[in-house]
Amino acid sequence: MANPNDWRETRTPEQAAAETEEPEAAARVRAEDDAETRARQAAAEAGLRAADRALEDGEARLRTTREELRQRGQELERTSGLTREVARNAADLLHETEQIADHARRTQPADTKTPTAPSPRDDTR
């Protein structure tokens, strides 16, 4: 149990710390160490701020790229659909052309299968 008359037992920890004497060299070393620590912390903070800005810039570029890719994807879907439609139309036209040619061959009389009139380009005079 603490003796209330003993001044050593009634001091607060802050008072006890204030009463201790720190050698001058230790105080100087501690102050230098504190200054170096503050400088490292400031440098680290500046580096973190720069990294944060770089991340924000990168995120903005990624958002822009994502939107451009989305638009490009939509364009490709549209052109893909158009390409399929053109291919179908070309196949239909080819089929119709073949049918017309077959029909013309079947309905053409046997004696007119070879051209009798010279072509306008066959001018051999």
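Throughout, read-outs are computed from the coordinates displayed, never taken from laboratory work. Only a predicted model underlies this, so the values are computations on that prediction, with no experimental measurement involved. Methodologically, a virtual Cβ is constructed for each residue, glycine included, from the backbone with ideal geometry; neighbour enumeration extends over all protein chains shown.
Miscellaneous remarks
- Fully extended contour minus Cα-Cα distance, from Leu62 to Leu82, at 0.36 nm per residue: 4.2 nm
- Extending 7 Å from Cα along the Cβ direction at Leu94 and again at Glu32 yields two label points whose distance is 8.8 nm.
- Dimensionless Rg/Rh of segment 19-78 - Kirkwood Rh, Rg from C-alpha atoms: 1.59
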